[in-house]
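Reading through the structure tokens given below for one structure.
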Amino acid sequence: MALSSHLLVLFLHLIPSVICQVTEFVSIDCGGTSNYTDPSTGLVWVSDTGFIRHGHSVDNKNPNGDSTQYKWTRDFPADRNKYCYTLSTTERRRYLVRATFQYGNSDSGDPFPNFQLYLDATMWSTITVLDASRVYVEEMIIRATSTSIDVCLCCASTGSPFISTLELRPLNLSMYATDYEDSFYLAVAARVNFGAPSKDPIRYPDDPYDRIWESDLDRRQNFLVGVAPGTERISTYKNINVRTREFPPVKVMQTAVVGTQGRLSYRLNLEGFPANARAYAYLAEIEDLSKNETRKFRLEQPQVPGYNNAIVNIAENANGSCTLYEPSYMNVSLDFVLSFSFVKTQDSTRGPLLNAIEISKYLQIIPKTESNDAMTLDAFRSMCRGSDWNHEEGDPCIPTQWEWVTCSSSSPPRITKLALSEKHLKGKIPDELKHLDGLTELWLDGNSLTGSIPDISNLLNLTIVHLENNRLTGPIPSYLGDFPSLRELYVQNNSLSGEIPPTLLTGKLVFNYDGNPELIQRVQHKKNFKLIFGTSIGVLVVFVVFILGGLLLFHNLWKKPSQEKSNDKCNSLSTTSKPSAAYSLVNGGSLMEEGPDVAYYITLSDLEEATQNFSRRIGKGSFGPVYYGKMKDGKEVAVKILANASSHGNQQFVNEVALLSRIHHRNLVPLVGCCEEAHQRILVYEYMHNGSLQEHIHDSVNQKHLDWLSRLSIAEDAAKGLEYLHTGCNPSIIHRDVKTSNILLDINMRAKVSDFGLSRQADENLTHVSSIVCGTVGYLDPEYYANQQLTEKSDVYSFGIVLLELISGRKPVSIEEYGSEWHIVHWARSLIRKGDVMSILDPSLAGNIKIESLWRIAEVAILSIEPHGACRPKMQEIVLAIQDAIRIEKGKQKNYTTCSRSWTRQSSHISLPSASLEIDSSDFSSGCSVPSAR
Ligand SMILES: *[C@@H]1O[C@H](CO)[C@@H](O)[C@H](O)[C@H]1NC(C)=O
């Protein structure tokens, strides 16, 4: 009875706001074919056909649940363009913008999509699909800066961009107002309902603003773990007064967790962090406390200066029970892994209580293209609506620029080049052109432009102007001659008239004005004007008629096809010819592509001189001693003598010389020359001043300490060298002996991979090369060892060991360090699987490293040493992971550029479950281990 009356009150209370809200909601079912009302929410969904002309509707074979919204997605081409939805907004009003993505299509075998989401010019998020059945939700709270926003998809690194739904929810009053809203959006990272009755999220109609409140029972990977003992779930049917700032739904406030043993604690991952955040706790006393009972607690973790000592007493703070209290941190710096805990005070009788939290990341708003520039482009676009070149949406420059413009990299971007040659433009050149004062190149040739050249006297940066082959009339403006950087001016074949400004005829610039019969060239010396004019006029006329006649005839013949086209309707197909940048392709297949810089022959006597009779030994390579030398020209070299030239080394020598002399890459040690004399076989390499990575990590005598960023950059260099061997050479090359002593450091501490003595060119047609097992203990790929089939993935395994050495500072094999397991792999794998990455970290790095960056490397290292080669990433993926880690470490925004299905499905941040999943590395029969499995 009491219950139903409360519900009734609640119902009545909600109705009015529900009705006024819902009419303003925009709910787009992307790829959907019809409009409908979702029976479970009462929301009206509309198909996106009225919003977008691109992409196509795809049937989702495995839609999430039975929500109609996920039956279809809209897929876009994986090309250089961006694809945008434009949503109308009211300027200065705040909105919740939500985009959702459910891929579904898991059985096609294609890699899962990875692409970027933009809101106007601001990079919102990278969508990385790891689980086809999961609905990925991105929410952003914005204050609209104009009458519309663009939500754009672009820049796929794998798969193609797609979207399931797009929603716009207006907010009321001062909800979500922050002091920073002029320059920052709020990207929602977590919004959790504690003590939730089920795993289902709460949203509209319970939340009149249709925020999604995730249930604390929906434990995603490493989301809400580390729950303190004694945590209990409580709920009430009483109404809660939520009329404070953010109006959370009553239903969310009616449940909570309490720490009956005096403590509440949770740990969760915040995607896109570390960052500055706005964090809210929603607290409402929903237990009946007797008179002499109190609930007082404080925030113990994270450390927020000025907050940790503040004591929360909900009933007191909220002015009564069943009333909401919203302590908030408007700007707090949080890490990727957020551990938070509330503890009760000594004198409190009850433990802490928590109803909900909401954490959003401040995302800096990136300015759109200068508005005058954008307006000018619109003027050009309106000359030719509906034509092919005119289809691009969103901002002209960001994230990808329209095909017909070039932008500066300034912020905001400016248009520097307008490339509208042969685009069937008709009519006058828009006067707005004068606003593009960053313009350096103007290409309007080959259209049907009429009227006179507009005032462009302030476009002082122009260097190249193409106005030829139009129907322009009027004079050539004289100020053009004063433009400081103008180099080329083409106005031929128009109907320009008047005097040619003499400043254009000084020879400073390329100037073509042929085919404008009414143009007059002023003669320099006024006195002789009549004479010259008189005598030459006859000649001139004949000459001009001759030349022009010929030229025009020729020109007309030549121009015929395109002239005809420009008479077509505006929306006819554009010609294929367009100014385009040249693209160069990598991996052309030739090993010689980097130059014909082949090693040369050096005589033994020269080498004896260079090394002062082999007096300074600097190391021992895989097959012999290495000496320092200095050539006559001053070049410092490392001279490597092959120990037993007759047997094994023989083949290696031939291999190495043949290979190395053909391969040039910044991250491979260059071969200077070779020598074969008096039963000696000698290789001469460029000298690497800083020795090997091994010395830097393991030799205690070496005082130079490598910090984490240096280690990452060495790893990146070495990985790029290997990537080049694997993919830049055709046939590809497997190093076969990747280890820290084969990674050398030059004078600038740039790493280069050395010693291709064991390299063998992988056969083009085989995925593996079977051969005698070579390699170094500790780095040797167990799969290769077991079945002697060599692939690039064996190098990946060895490189994984190098990464573990870089993280831990430990040697790959050591009985003292790892006991009976003796190998770094078992030790590191079991700790990382337990989620304890700090325990493998080199103690000298502790405290100076971002844990997320460490995780990135630990993850990729663990995948690289997967027992099955097929489960290991490619070198390219490792390079990207390292670059990602570097970005994180440097504190830049996280920005995944790639991930391909082969390994990222198993990978996510700190996703390794605490219930560790031990896979014996000798168990080759099982499939790939999936660290994220529960
Ligand atoms: C938050 O505080 C930091 C450090 O005090 C400051 O740099 C930043 O601009 C503030 N605001 C936002 C939105 O990050």
As straight-line cross-link partners of K417, the qualifying aspartates and glutamates (C-alpha separation under 16 Å, not fewer than 8 residues apart within one chain) are E370, D373, D378, D395, E403, E432, D437, E441, D445, E488
For the stretch 81-203, the Debye formula with one identical point scatterer on each Cα and no solvent gives log10 I(q)/I(0) at q = 0.12, 0.13, 0.18 Å⁻¹ as -0.51, -0.59, -1.02
Net charge near T23 (other residues with Cβ under 14 Å of its Cβ; Lys, Arg +1; Asp, Glu -1) is -1
With N105 itself left out, Lys, Arg at +1 and Asp, Glu at -1 over residues whose Cβ is under 10 Å from its Cβ give -3
Check: C-alpha center the stretch 410-460 vs C-alpha center the stretch 463-507, spacing in Å is 14
Fewest to most Cβ atoms within 10 Å: Y185, Y628 sort as Y628, Y185
Taking placed amide H atoms and a strict 5 Å upper bound, the residues 5 or more places from N35 or on another chain that come that close are S47
Here the Cα Rg-to-2.2 N^0.38 Å ratio for the stretch 294-354 is 1.17
In whole Hz, the Karplus estimates of ³J(HN,Hα) for the stretch 411-427 (6.51, -1.76, 1.60; θ = phi - 60°; x where Gly or Pro) are 10, x, x, 10, 7, 10, 9, 10, 10, 10, 5, 6, 10, 6, 6, 10, x
So, over other residues within a Cβ distance under 13 Å of P477, counting Lys, Arg +1 and Asp, Glu -1, the net charge is -2
Among chymotrypsin sites (Phe, Trp or Tyr not before Pro) in the stretch 283-333, those in a DSSP loop whose Cβ has at most 15 other Cβ atoms within 10 Å are Y307
As straight-line cross-link partners of K739, the qualifying aspartates and glutamates (C-alpha separation under 13 Å, not fewer than 8 residues apart within one chain) are E695, D755, D781, D795, E805
Assertion target for D378, D216, D75, ordered by fewest C-beta neighbours within 10 angstrom first, is D378, D75, D216
Karplus ³J(HN,Hα) for the stretch 714-721 (6.51 cos²θ - 1.76 cosθ + 1.60, θ = phi - 60°; Hz, whole; x = Gly/Pro) runs 5, 4, 5, 4, 5, 5, 5, x
Loop-resident trypsin sites (Lys or Arg not before Pro) in the stretch 355-390 with no more than 10 other Cβ atoms inside 10 Å, DSSP not H/G/I/E/B, are R385
Straight-line reach check, K291, cutoff 14 Å on alpha carbons, 8 or more apart in-chain or any other chain, hits among aspartates and glutamates -> E316
Candidate cut points under trypsin sites (Lys or Arg not before Pro) in the stretch 166-235, DSSP loop plus at most 11 other Cβ atoms within 10 Å of their own Cβ, are K199
Pairs over 21 Å Cα to Cα, from K82/K890; K720/K850; K720/K752; K640/K720, come to K82/K890; K720/K850; K640/K720
Under 5 Å from the placed amide H of I618, counting only residues 5+ away or on other chains, we find V626, Y627, Y628
A correct Karplus calculation of ³J(HN,Hα) over the stretch 109-121, with 6.51 cos²θ - 1.76 cosθ + 1.60, θ = phi - 60°, whole Hz and x for Gly and Pro, returns x, 6, x, 5, x, 9, 8, 10, 10, 10, 10, 6, 8
Most exposed to least, judged by fewest other Cβ atoms within 10 Å, H868, H689, H679 sort to H679, H689, H868
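Each reported figure results from applying straightforward, stated rules to the coordinates on display, with no laboratory input. Note that this is a predicted model, so its numbers are computed, not measured. Cβ coordinates were reconstructed from backbone atoms using ideal geometry, including for glycine residues, and neighbour counts include every protein chain displayed.
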